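Asks: Just dropping this structure here.
Quick note: the coordinates plus some simple rules give every number you see, no bench work behind them. These numbers were taken from a predicted model, which means no experiment stands behind them. Glycine gets a Cβ as well: all are built from the backbone with ideal geometry, and neighbour counts include every protein chain shown.
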Amino acid sequence: MWSNKEKIWWRIKAMFSDRRIMIRFEIIDENTKNLEEIKQLYFDAFPFEERIPFFIMVLVGNDRGVEFLSIYDDDKWLGFIHTLVGDELSYIFYFAIENSLRQSGYGSKILREYKKMHPRLSLAIEPVEEESDNFKQRKKRLDFYRKNGFETLDTRVVEMGVEFELMGAKGMEIKERDYRKLVKKFFDSFEQKKVLSVKEMRDADSYTIANFVDSKELMYRAGEAIFYVGDWNIGDKVLVVAGSGNNAGDGYVVADLLNTEEIDVEILLIKDKFSEDGQYYFNICKQNGIKCNVLDESMDYSVLLEKFNSYDYILDCIYGTGFSGKVKEPVYSLIKAINDSNASVVSADINSGMNGDTGESDICVNSDITVSIGFLKKGLITNEASKHIGELINMDIGIVIEDK
Ligand SMILES: NC(=O)C1=CN([C@@H]2O[C@H](COP(=O)(O)OP(=O)(O)OC[C@H]3O[C@@H](n4cnc5c(N)ncnc54)[C@H](OP(=O)(O)O)[C@@H]3O)[C@@H](O)[C@H]2O)[C@@H](O)CC1
Ligand SMILES: [K+]
């Protein structure tokens, strides 16, 4: 016979196992309370090569064919799901469950609920290959999705340079063309085709900061965008060459992101002078132990050339939209040495030395990639500028133009 105490215990247990799990989804936007927690989980769950900037997730989330949702069991936060939604199929781009809840069975329950909303659901996993260093993890993921009614479709795709294998709900056929259309539409939505003068761009920056986004957050987004576009890998040596304004500030954000991903990065300051937000991110770099030097003006062109040749990447953050007039020494020789070096060059916002309205210059940095921030500047799309730019990419960071 069971004692009363035991009976009560069993009743409580039954109550809990009986409790219906109530999976619900909530739209994520910039007002979501635990945005920082979501961001942290995103960073923990996905390596940097697979991540798009978080602000893009929020900016493009729940718009332009994207669904970015926080997941709850009643009031308990479980994780998030980010899906590209199309007419032909829906494709899970990111799905992550809070660390302490992995292996809890929630994953299956969430997918079951989510599939009710998106019957033609697909996703991609890293192919299960014995030689891969995370073989066990890959196998576990494959087993997890198989258990939940997905099957591999023998289609390999490459996203952000990483190879994946497509999976779809059992019995469903996916046309590779439909998948590609969906992903292309998503990546295209990061771009902004509008072209502004330098003054219009600077006005839009100020208007956005005054009304919508804190200036440090905006700088962080700019840095995240540049970090995302750059093709750096672990093992590369990167030098951030920094001026004294906010363009340099973008560079300090990139430096810190590179350092966090254990990519070897150093900063070369043209002078020991900072904008307010630049100083803020520079201090973070210093706190995190990033090596930093101020340009020694006795270093001539040949010494600089030798120095620059020892890096794989140079990030050009000398001048952005705040540049006017002509490039003077010692920056003139420094730019010449960057251009003659073997390093690949990424220019932040505008190639330093280039007039952002006309694309003209006496001398300017020649870049492999220029990552224009917010909107394209008129000068960047001129024939003159194209002589100095390998690839031009504009990143929308949520800058708003005032409606006048
Ligand atoms: N908060 C924002 O608005 C956001 C801005 N963003 C980013 O900031 C960039 C604009 O930053 P900015 O306005 O601080 O100007 P910036 O291009 O860094 O250079 C200014 C300095 O350059 C110098 N200088 C100029 N001409 C010179 C010459 N002929 N010869 C020599 N020096 C010359 C002069 O230095 P000084 O002489 O004062 O030492 C001046 O102070 C923008 O392109 C984008 O990348 C993003 O983060 C998004 C948020
Ligand atoms: K620049």
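Asks: Check each of the GluC sites (Glu not before Pro) in region 20-96 and keep only those in coil by DSSP with at most 15 other C-beta atoms within 10 angstrom; list them in order.
Replies: Counting only loop positions with at most 15 other Cβ atoms within 10 Å, the GluC sites (Glu not before Pro) in region 20-96 are 30, 88.
Asks: When averaged across all projection directions, what area in nm² does the alpha-carbon convex hull of region 218-274 cover?
Replies: Over every viewing direction, the Cα hull of region 218-274 projects on average to 3.5 nm².
Asks: Just to be sure I understand: with springs between alpha-carbon atoms less than 10 Å apart, which residue in 270, 125, 21 has the highest mean-square fluctuation in the Gaussian network model of the chain?
Replies: So, out of 270, 125, 21, the one fluctuating most is 21.
Asks: Remind me, relative contact order of the chain in percent, using alpha carbon pairs under 8 angstrom and six or more residues apart?
Replies: Contact order relative to length: 12 percent.
Asks: Going through the DSSP H helices of the chain, which span 30 Å or more along their own axis at the Cα atoms while scoring at least 0.5 as a mean Kyte-Doolittle hydropathy?
Replies: Span-like helices, by this rule, are absent here.
Asks: Okay, moving on. Once the convex hull of the C-alpha atoms of region 141-211 is built, how many Å³ does it hold per residue, rounded to a whole number?
Replies: Here the figure is 162 Å³ per residue.
Asks: Using the scaling law 2.2 N^0.38 Å as the reference, what is the normalised Cα Rg of region 241-287?
Replies: Scaled against compact globular proteins, the figure is 1.02.
Asks: For the chain, what proportion of DSSP beta bridges, expressed in % and rounded to the nearest 5, is antiparallel?
Replies: 50 percent
Asks: Out of region 269-368, which GluC sites (Glu not before Pro) are coil in DSSP terms and have no more than 15 other C-beta atoms within 10 Å?
Replies: Hits after loop and neighbour filter: 297, 360.
Asks: Still on this structure, I have one more. Restricting attention to the alpha-carbon atoms of region 30-114, what are Rg (one decimal) and Dmax (integer), both in Å?
Replies: For region 30-114, the Cα-based Rg and Dmax read 12.7, 35 Å.
Asks: Still on this model: Taking 2.2 N^0.38 Å as the expected size of a compact globular protein, what ratio does the Cα radius of gyration of region 19-188 give against it, to two decimals?
Replies: In units of the 2.2 N^0.38 Å rule of thumb, it is 0.99.
Asks: Follow-up. Suppose we take every Cα in the chain and form the convex hull; what volume per residue is that in Å³?
Replies: 187 Å³
Asks: I would also like to ask the following. Under the definition of Cα pairs under 8 Å and six or more residues apart, what whole-number percent is the relative contact order of region 19-188?
Replies: It comes to 19 percent, rounded to a whole number.
Asks: What base-10 log of the normalised intensity I(q)/I(0) is obtained for region 323-376 from the Debye formula, alpha carbons as equal point scatterers, at q = 0.15 Å⁻¹?
Replies: Rounded to two decimals, the profile gives -0.40.
Asks: Gaussian network model of the chain, Cα springs within a sub-10 Å range: biggest mean-square fluctuation belongs to which of 87, 63, 256?
Replies: Ranking 87, 63, 256 by mean-square fluctuation puts 87 first.
Asks: Using only Cα atoms, what Kirkwood radius does region 195-395 have, in angstroms?
Replies: So the Kirkwood estimate lands at 16.5 Å.
Asks: What percent do you get for the relative contact order of region 195-395 when only Cα pairs under 8 Å and 6+ apart count?
Replies: 21 percent
Asks: What trypsin sites (Lys or Arg not before Pro) does region 57-120 have in DSSP loop regions with at most 15 other beta carbons within 10 Å?
Replies: 64, 102
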